[in-house]
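Engineer: Structure provided below as structure tokens; questions to follow.
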Amino acid sequence: MSVQTWTFIIVGLTFALYIGIAIWSRASSTKDFYVAGGGVSPLANGMATGADWMSAASFISMAGLISFMGYDGSVYLMGWTGGYVLLALLLAPYLRKFGKFTVPDFVGDRYYSQTARLVAVVCAIFVSFTYVAGQMRGVGVVFSRFLEVDITIGVLIGMAVVFFYAVLGGMKGITYTQVAQYVVLIFAYMVPAIFISLMVTDNPIPQLGFGGEVEPGVSLLQKLNGLHAELGFAEYTDGSKSMLDVFCITMALMVGTAGLPHVIIRFYTVPKVRDARISAGYALLCIAILYTTAPAVAAFARANLLDTVTDTPYAADAGTADRAAMPEWFRKYEDSGLLAWVDKNADGKVQYVAGAAFVGKPDFGDERGPVGQRMVLNPPTENENELYVDRDIMVLANPEIAGLPNWIIALVAAGALAAALSTAAGLLLVVSTAVSHDLLKRTLMPDISEKKELLAARIAAAFAVCIAGYFGINPPGFVAQVVAFAFGLAASTFFPAIILGIFSKRANREGVVAGMLAGLLFTGGYIVYFKFLGGSAEQWWFGISPEGIGTFGMLINFAVALGLGRFFPPPPEEVQAMVEEIRVPRGAGEAHTH
Amino acid sequence: MSDPTPPDGEGAHAPDPSTNRQAYWKANLRYLAILLGIWFTVSYLCGIVFVEQLNAVTIPWTGFPLGFWFAQQGSIYVFVALIFVYVVLMNRLDAQHGVDEK
């Protein structure tokens, strides 16, 4: 059977499964809708958190990103896992004990302030929308690449599926669908990884093959370092970012992870405080399986790519006894625009060395070159590099590079869709909750009935799906740029406010609101200046990139909150009593109604 | 839930609930300091600040430079272990101070 037939079958089956689960787990109360009734088992919650967390970017792009960045890619690996330690030790158990529904709930109640609640609502909505647009786009891209339908139709199908289970099932539907999606995505990631590890290093476990030998006496990493030196790239195990920048980016991503509302909200769904703790452990375990495999896949793919393309004749019939011609997948991905080759020295062979082959992303003309390659219209650069490689190819093309059967290629498509849909659903829930619960119930219409609140939540979710779909079809050019925003803002607003709320009884309304605003303005200002107003890398403060500035935003937030707070009275008695109360687990099992 | 009756079950010998809670919180903070110390060491120290010095060492029987391994593999394994250790420590501490969930 062809790849496309397999893809239709496997994607169709997984979608039927998700919808089946959604019907089985419909939400019947606001508690079901917001926190799945508070009765999710820790293991299920761990898996759901894993699927929620691992987005289309983790699944498709991360290995490729690391493949091109080498050691510098560690910022993503450590940054997007280490945050779970902070979450498990500093946030999850206490927020579970607090026992309301959302992050703005905590901020508003702990700081006895509607202003604080509103700042939190706005940040939660902004952070979640930033993220969700990218996910819907990911759905469209996967559909168009594997099923050869238009991106718009792909996004619409994705919207319909998410609409179904997010609007109908709320958190309850999302949670159990995410469990299924985790299984699909991790299986789809591991199978090609195991095969490619066997192919490159004869070891079936990618994490071990990563440190294995490719030929007697030469390890994979030594070989990569050697090839990189030869071709003019920075050493694979060394990287080229400054140490301070690596430090700051890692910290901003870790702290940002721990402050992201769609991650935090998951820990409200388990029955007890001890469940919240262990469930963070299961979540990180589920995530670590993919995150320790990704760097291995990155190295295998890098070695494969350099081996395959370096000085290889492009034309299919140009192979000789000692040098095979370019394999078929190269031309296939050239057709889909993920690879582009300009034969600068006209020798008919691919030279791949450091530097960009031409200016910008490839812009293909209709013509074919002398050996049949697609011609690009971009102005070529001065250097000798002839090859443009899109980083997404590293995961998408792996099964083909390793010569795996068609059903595995289809599985990768289903896995990528599972990753994108599960993350999108989790984010949409945060948006709908922020509107129906934080804005309507807690701020504008406190007497709204349970039934009406549930209806409002569903309408808000439906609206959010449509807006997300719109951005998926018409992606604003800045989507990639604003991801730094999501983490930077979470790091410099929510994280310090929640930490202080739990660990300092003295932290008061005035200090924390000022701290959040200071963090928001500082981080937001820095990112806007360098991402949108044309600031250049030479102007970075202490060489810190906009991705890492959230670390400073967080420190500023802490400093302002503690410093300024001293001049204002401590929180009222009952708030201090509440802080005492959330510090001990006993009592969390009892119903918390509002 | 805030009622100060002495907790039941083994290890429940809390004469004064507020001193007991203070002791519980102090022990909790000590655990946090130790565990977060390890968290910081494996990621920021081994994986970033001292990565070059550690890269001079290769892990025996593998091709991993030690610092690079910490940055892309080791730190993640330690993170997972830290959370499970924390869970065990805290469940024991809860029971000792009689603040565990019934």
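Engineer: Over the range B:17-96, what relative contact order in percent results from Cα pairs under 8 Å that are six or more residues apart? Could you put the intermediate results ahead of the total?
Structural biologist: Working: 55 pairs, mean separation 25.9, N = 80.
This gives 32 percent for the range B:17-96.
Engineer: What are the ³J(HN,Hα) values, in whole Hz, obtained from phi via the Karplus relation 6.51 cos²θ - 1.76 cosθ + 1.60 with θ = phi - 60°, for each residue of the range A:400-411 in sequence order, with x given for Gly and Pro?
Structural biologist: For the range A:400-411, the Karplus curve yields 6, 4, 7, x, 7, x, 4, 5, 6, 4, 5, 5 Hz.
Engineer: Just how large is the dipole of chain A about the Cα centre, in debye to the nearest 20, putting +1 at every Lys and Arg Cβ and -1 at every Asp and Glu Cβ?
Structural biologist: For this selection, approximately 2600 debye.
Engineer: Also, I was wondering about something else. Which listed residue (A:Gly138, A:Phe267, A:Gly39) has the Cα farthest towards the positive end of the charge dipole for chain A, taking +1 on Lys and Arg C-beta and -1 on Asp and Glu C-beta about the Cα centre?
Structural biologist: It is A:Gly39.
Engineer: Here is a further query. For the protein assembly as shown, build the charge dipole from Cβ charges (+1 Lys, Arg; -1 Asp, Glu) around the Cα centre, then report which of A:Thr102, A:Met62, A:Gly12 sits farthest towards its positive end.
Structural biologist: Toward the positive end, the furthest listed residue is A:Thr102.
Engineer: Also: What's the exposure ranking of A:Arg117, B:Arg30, going from fewest to most Cβ atoms within 10 Å?
Structural biologist: Least crowded to most crowded, the residues run B:Arg30, A:Arg117.
Engineer: To the nearest 20 debye, what is the magnitude of the charge dipole of chain B about its Cα centre, counting +1 on the Cβ of each Lys and Arg and -1 on the Cβ of each Asp and Glu? Could the numbers behind the result be given before it?
Structural biologist: Numbers: 5 positive and 8 negative charges, 62 e Å.
Magnitude of the dipole: close to 300 debye.
Engineer: Below 13 angstrom from the Cβ of B:Tyr86, what's the summed charge of the other residues (Lys, Arg +1; Asp, Glu -1)?
Structural biologist: Surrounding charge for B:Tyr86 is +3.
Engineer: Right, next: Can you give the local net charge around A:Pro327? Use residues other than it whose beta-carbon is closer than 15 angstrom to its beta-carbon, Lys and Arg +1, Asp and Glu -1.
Structural biologist: Numbers: positive: A:Arg323, A:Arg331, A:Lys332, A:Lys349; negative: A:Asp307, A:Asp311, A:Asp317, A:Glu328, A:Glu334, A:Asp335, A:Glu400.
Around A:Pro327, the charge tally is -3.
Engineer: By how many degrees, 0 to 90 and rounded to 10, does the Cα axis of helix A:220-231 deviate from the longest principal axis of chain A?
Structural biologist: The angle comes out near 60 degrees.
Engineer: Right, something else. By how many nm would the segment from A:Ser336 to A:Ser449 lengthen if fully extended, with 0.36 nm per residue of separation less the alpha-carbon distance?
Structural biologist: Here the segment from A:Ser336 to A:Ser449 would lengthen by 35.4 nm.
Engineer: Relative contact order of the range A:191-251, please, whole-number percent, based on alpha carbon pairs below 8 angstrom and at least 6 residues apart. Walk me through the intermediate numbers first.
Structural biologist: Details: 48 pairs, mean separation 9.6, N = 61.
Contact order relative to length: 16 percent.
Engineer: What residues have an amide H closer than 5 Å to that of A:Thr312, excluding those fewer than 5 places away on the same chain, when H is modeled at 1.01 Å from N in the peptide plane?
Structural biologist: Hits under the 5 Å cutoff: A:Val350.
Engineer: Return A:Leu411, A:Leu427, A:Leu156 ranked ascending by Cβ neighbour count within 10 Å, so the fewest neighbours appear first.
Structural biologist: Ranked by crowding around the Cβ, least crowded first: A:Leu156, A:Leu411, A:Leu427.
Engineer: Give me the inter-chain shielding for B:21-32: mean count of other chain Cβ atoms within 10 Å, whole number please.
Structural biologist: Working: counts 4, 1, 0, 3, 4, 0, 0, 4, 1, 0, 1, 3.
Per-residue shielding by partner chains comes out at 2.
Engineer: Here's a follow-up. Run the paramagnetic zone check for A:Ala559: 7 angstrom along Cα to Cβ, then residues of the range A:485-508 with backbone nitrogen under 16 Å.
Structural biologist: Correct set: A:492-493, A:496.
Engineer: Next question. 5 Å is the cut-off here: which amide hydrogens, built 1.01 Å from N in the peptide plane, fall below it relative to A:Met375, excluding neighbours closer than 5 in sequence?
Structural biologist: Placed amide hydrogens put A:Gly365, A:Glu367, A:Gly369 under 5 Å from A:Met375.
Engineer: Follow-up. May I ask for the net charge around A:Asn345, where only other residues with Cβ less than 12 Å from the Cβ of A:Asn345 are counted and Lys, Arg are +1 while Asp, Glu are -1?
Structural biologist: So the surrounding residues net to -3.
Engineer: Further question: Helix A:42-53 versus the longest principal axis of chain A: what angle, 0 to 90°, nearest 10, using Cα atoms?
Structural biologist: 60 degrees
Engineer: Cα to Cα, under 28 Å, and not fewer than 8 places away if on the same chain: which lysines meet these conditions relative to B:Lys26?
Structural biologist: Partners found: A:Lys97, A:Lys100, A:Lys272, A:Lys505, B:Lys102.
Engineer: While we're looking at this one, here's another question. Each residue of the range A:242-250 in turn: what ³J(HN,Hα) in whole Hz from Karplus with 6.51, -1.76, 1.60 and θ = phi - 60°, glycine and Pro shown as x?
Structural biologist: Using θ = phi - 60°, the values come out as 6, 4, 4, 5, 4, 4, 5, 5, 4 Hz.
Engineer: For the range A:1-107, compute Rg over Rh where Rg is the Cα radius of gyration and Rh is the Kirkwood radius from the inverse mean 1/r over Cα pairs.
Structural biologist: That ratio is 1.06, to two decimals.
Engineer: Also, quick follow-up: Along the range A:371-382, what does the Karplus equation 6.51 cos²θ - 1.76 cosθ + 1.60 (θ = phi - 60°) give for ³J(HN,Hα), rounded to whole Hz, x for Gly and Pro?
Structural biologist: Once rounded to whole Hz, the list reads 9, x, 6, 6, 8, 9, 8, 5, x, x, 8, 6.
Engineer: Lys/Arg Cβ at +1, Asp/Glu Cβ at -1, dipole of the protein assembly as shown taken about the Cα centre: which of A:Met159, A:Tyr176, A:Ala276 is farthest positive-ward?
Structural biologist: Checking the options against the dipole of the protein assembly as shown, the answer is A:Ala276.
Engineer: Turning to a different aspect of this structure: Could you tell me the extents of the range B:41-101's C-alpha atoms along the three principal axes, largest first, rounded to whole Å?
Structural biologist: Principal-axis extents of the range B:41-101 (Cα, largest first): 49, 24, 14 Å.
Engineer: Determine the shielding of peptide A:78-89 by partner chains: average, over its residues, the number of Cβ atoms on other chains within 10 angstrom of each Cβ.
Structural biologist: 6
Engineer: Please rank A:Trp6, A:Trp407, A:Trp24, fewest neighbouring Cβ atoms within 10 Å first, as an exposure proxy.
Structural biologist: A:Trp24, A:Trp407, A:Trp6
Engineer: State, as an integer percentage, the relative contact order of chain A based on alpha-carbon contacts under 8 Å between residues 6 or more apart. Walk me through the numbers on the way to the answer.
Structural biologist: Numbers: 1108 pairs, mean separation 162.0, N = 594.
In percent, rounded to a whole number, it is 27.
Engineer: Further question: Would you mind checking A:Lys441/A:Lys531; A:Lys223/A:Lys361; A:Lys223/A:Lys531 for any pair whose Cα atoms are more than 32 angstrom apart?
Structural biologist: Table pairs above 32 Å Cα-Cα are A:Lys441/A:Lys531; A:Lys223/A:Lys531.
Engineer: How are the C-alpha pair distances of the protein assembly as shown spread across 20 Å bins, as whole percents from the shortest bin up?
Structural biologist: 18, 51, 27, 4, 0
Engineer: Relative to the Cα centre, what is the charge dipole magnitude of the range A:306-390, using +1 at the beta carbon of each Lys and Arg, -1 at the beta carbon of each Asp and Glu, and rounding to the nearest 20 debye?
Structural biologist: Once rounded to the nearest 20, the dipole reads 100 debye.
Engineer: Further question on the same structure: For the Cα atoms of chain A, what angle does the longest principal axis make with the long axis of helix A:509-531, in degrees from 0 to 90, nearest 10?
Structural biologist: 20 degrees
Read-outs throughout are calculated quantities, based only on the coordinates presented, and are distinct from any laboratory measurement. Keep in mind that this is a model prediction, so the values were computed, not measured. Counting neighbours? That spans all protein chains shown, and the Cβs are built from the backbone with ideal geometry, glycine included.
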